[in-house]
Amino acid sequence: MENGYIVVIGGINADITGKAVKDVIQNESNIGKVTLSAGGVARNICENLVRMGVDCEFITTFSDDYFGDMLKKSCNELGISTVHSYETTQYSTGTYVSLEDYKGQMSAAVCDSDGIMNIPFSHIDKYTVLLKHASCIVIDCNLSESMIEYITTKFKNRIIIAEAVSSAKVIKLKKSLSKIYAVKLNRQEFESLYGIEYSQDNGKIMSVKYNNKIFVTEGVDGSTAYEQNNAIHISAIPASQIVSVNGAGDAYASGIAYGIMQGYDTLYCMRLAGIMSFITLSSPSAVSKEITKYKVLTMLKEMN
């Protein structure tokens, strides 16, 4: 493991996906395949970091139910520490149910995230020492707005990295932006969070306003980082075959966290994150088993 550790706070889900063999017919039972897997943005970030050799402490919520047992076992097998997570009987373990057509396009989804939304402040207080000595803290916007405010205020002297999750959820960061070291989002999430059109000029303005780093993923156009009045852009690595875009953003966020932990400059962090995202695109899973520290750093060296 690397020196130091990262604490990740956020959601974990049992992902249940139904994929129809044809176009989805509403109000009908559709023939297809149903899969069950471990997911959740924060959990995916943890797995990516562990695969990069990072000591990762995960604070999430588990219930005393089947999915809770399944997900804890999955984390333990991967080397993700869950000993600091919150146990509840009041809420179910996070569950995400989606229905896709034969092309993999989502028709509808339902997410039950009441558990992570209601993790108590007192649970975070129990691990004050753990959090204060972390190399950095990664949070995702599955947390409640009040919890995000609480963490960013209590640990404002630590490096805090925030992952947007979605356009609807990223607005929870608004009151805490000046206490966050780095924010990772896409174009749509940028516009939702800051309430302005995404452009390089506006990226610079927001970075100066809140005195932090902003990393914006731009799909096939690559990604751009903003720090103070500077914009740093890298192109996307050409992907000959994209199996699934699921998890690519989580991999990018993991690369940023890994790079910041190592003290790399912004451009180096972006290149590393871009490689991790590229590897994930060729995997059917949200986290690619091909991600290793050796592979990522070797590709980074070859590209440079």
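Bear in mind that the values in this text are calculations on the coordinates, not laboratory data. Treat the numbers as computed from the prediction; the structure is a model and nothing was measured. Please note: Cβ atoms are built from the backbone with ideal geometry, for glycine as well, and neighbour counts cover all protein chains shown.
Students often forget the sequence filter, so: which lysines lie under 22 Å Cα-Cα from K33 once same-chain residues fewer than 8 apart are removed?
Within the straight-line cut-off, K33 pairs with K19, K22, K103.
What are the membrane-span-like helices in the chain by this rule: whole DSSP H runs, Cα extent along the axis at least 20 Å, mean Kyte-Doolittle hydropathy at least 0.0? Working shown, then result.
Values: long enough: 248-262 (21 Å, 0.43); 266-281 (22 Å, 1.43).
Span-like helices in the chain: 248-262, 266-281.
Between N230 and L267, what is the label-to-label distance in nm when each label sits 7 Å out along the Cα-to-Cβ direction?
Taking the two extended label points, one gets 0.8 nm.
Which residue, F278, S167, I260, has the largest displacement toward the positive end of the dipole of segment 164-304 when charges sit on each Cβ (Lys, Arg +1; Asp, Glu -1)?
Value: I260.
Binned at 5 Å from 0, what are the whole-percent values of the Cα-Cα distance distribution for segment 45-164, short to long?
2, 10, 18, 21, 21, 16, 8, 3, 2, 0
Listing S240, S192, S277, S37 from the residue with the fewest other Cβ atoms within 10 Å to the one with the most, what is the order?
Working: S240 6, S192 19, S277 26, S37 16.
Final ranking by Cβ density, sparse to dense: S240, S37, S192, S277.
Sorted from fewest to most neighbouring beta carbons within 10 Å, what does the list D250, D221, D101 look like? Walk me through the intermediate numbers first.
On the way: D250 28, D221 13, D101 17.
Ordered by Cβ neighbours within 10 Å, fewest first: D221, D101, D250.
Could you pull out every one of the lysines with an alpha carbon less than 22 Å from that of K126, ignoring same-chain neighbours closer than 8 positions?
Qualifying lysines at Cα under 22 Å: K72, K154, K156, K179.
When the dipole is taken about the Cα centre of the chain, and only Lys, Arg (+1) and Asp, Glu (-1) are charged at their Cβ, what size is it in debye, to the nearest 20?
Values: 28 positive and 32 negative charges, 145 e Å.
For this selection, approximately 700 debye.
Pop a pseudo-label 7 angstrom from the Cα along the beta-carbon direction at both S167 and Q90 and give the gap in nm to one decimal.
Label-label distance for S167 and Q90, simple model: 3.3 nm.
Excluding residues on the same chain fewer than 8 positions from K204, give the lysines whose Cα lies under 16 Å from its Cα.
K184, K213
With point charges of +1 on the Cβ of Lys and Arg and -1 on the Cβ of Asp and Glu, referenced to the Cα centre of segment 5-303, which listed residue (N157, I9, A251) lies farthest in the positive direction of the dipole?
Of the candidates, N157 comes out farthest on the positive side.
Suppose the chain between K33 and D125 were pulled fully straight at 0.36 nm per residue; how much longer would it get relative to their current alpha carbon spacing? Don't skip to the answer; put the middle values down first.
On the way: separation 92, 0.36 × 92 = 33.12 nm, distance 4.31 nm.
Taking K33 through D125 to full extension adds about 28.8 nm, to one decimal.
In whole Å, what is the distance between the alpha-carbon centres of segment 215-286 and segment 181-210?
17
Using the number of other C-beta atoms within 10 angstrom as an exposure proxy, rank I275, I234 with the fewest first. Display every interim value, and only then the final one.
Numbers: I275 23, I234 16.
Fewest to most other Cβ atoms nearby, the residues stand as I234, I275.
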